[in-house]
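Read through the structure below, which is laid out as structure tokens, and then see the notes.
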Amino acid sequence: MAPVEVCPIKSSRNWRAWVVTEPGPPARSILHVTGTVVAPSGGYRIEFVPELTVIKSYPVQMVARLLPIPPEGPATQALVAHNVRWQWPLAGPVGTVAIRCGDKTLANISAVGSI
């Protein structure tokens with residue numbers, strides 16, 4: 001399913017991104033991203049698109065996209081918060097992560113920590 005052009009998400013907060021390096025061999029790094037988004041009504045599913053996009057190589061700037069899936073039938077007409085999280089394997093260090101939904105940038109996380 002392709003990302004929507006107009007993002008229905010009303011607000012977002014509490015964005016965090018960090019990298020965990022798992023011991024190896026082979027050692028591998030995993031980028032974790034979490035946050036909270038508010039959908040305009042009940043019945044929405046909010047998912048991350050499984051692929052990251054690199055928009056600049058030094059320092060590495062990544063884009064994680066959210067995919068809001070609207071309800072298929074009747075839904076409550078109240079704002080609903082969704083905690084979202086995803087993880088992606090990395091080939092190297094990350095400088096920043098932008099969280100985008102359709103035509104909106106919801107967050108720019110510049111302090112990507114390591115654990």
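Just checking: which of the strands (runs of 3 or more DSSP E) contained wholly in the stretch 1-97 hold 3 or more residues that are under 19 Å from Asn108 (Cβ atoms), among the hydroxyl-bearing types (Ser, Thr, Tyr) and out of contact with any helix residue (DSSP H, G or I) (no Cβ under 9 Å at 6 or more places or on another chain)?
Details: elements: 11-22, 28-39, 45-48, 53-57, 60-69, 80-90.
Filter on the stretch 1-97 gives an empty set.
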Take the residues of the stretch 24-39 that are of a type outside the set (Gly, Ala, Ser) and without any contact (Cβ under 8 Å) to a residue 40 or more places away in the chain: which is least open to solvent (accessible area, probe 1.4 Å)? Pro26
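Against the condition surrounded by 11 or more Cβ atoms within 10 Å (Cβ to Cβ) and modelled with pLDDT under 90, how does Val60 come out, does it pass?
Criteria met by Val60.
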Can you run down the residue pairs with Cβ atoms below 9 Å, 6 or more apart or on separate chains, where the first is in the stretch 94-105 and in contact (Cβ under 8 Å) with a residue 40 or more places away in the chain and the partner is open to solvent by 20 Å² or more (accessible area, probe 1.4 Å) and acidic (Asp, Glu)? Gly102/Glu5; Asp103/Glu5
Restricting attention to the stretch 92-115, which residues are at pLDDT below 95, surrounded by 11 or more Cβ atoms within 10 Å (Cβ to Cβ) and hydroxyl-bearing (Ser, Thr, Tyr)? Thr96, Ser110
Search the stretch 68-88 for residues that are touching a residue at least 24 places away in the same chain (Cβ under 8 Å) and pair each with any residue that is among the hydrophobic types (A, V, I, L, M, F, W, C) and in a loop (DSSP other than H, G, I, E, B) when their beta-carbon atoms are under 7 Å apart and the residues are at least 6 apart or on different chains. Pro68/Val4; Pro68/Cys7; Pro68/Ile9; Trp88/Leu52
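Just need a number here: residues in the stretch 73-88 that are open to solvent by 70 Å² or more (accessible area, probe 1.4 Å) and more than 22 Å from Thr36 (Cα to Cα). Step through it out loud before you land on a result.
Going residue by residue through the stretch 73-88, those that are open to solvent by 70 Å² or more (accessible area, probe 1.4 Å) are 74, 76-77, 79, 83, 85-87.
Checking the rest, the ones that are also more than 22 Å from Thr36 (Cα to Cα) come to 74.
Total meeting the criteria: 1.
The values are calculated or read from the model by the stated rules, or taken from the named source; none is laboratory data. The structure presented is a predicted model; accordingly, all values stated were derived computationally and were not measured. All Cβ positions, even for glycine, are placed from backbone atoms using ideal geometry, and neighbour counts span all protein chains on display. SASA here: full protein model, heavy atoms, side chains in, ligands and nucleic acids out. Shrake-Rupley method; radii C 1.70, N 1.55, O 1.52, S 1.80 Å.
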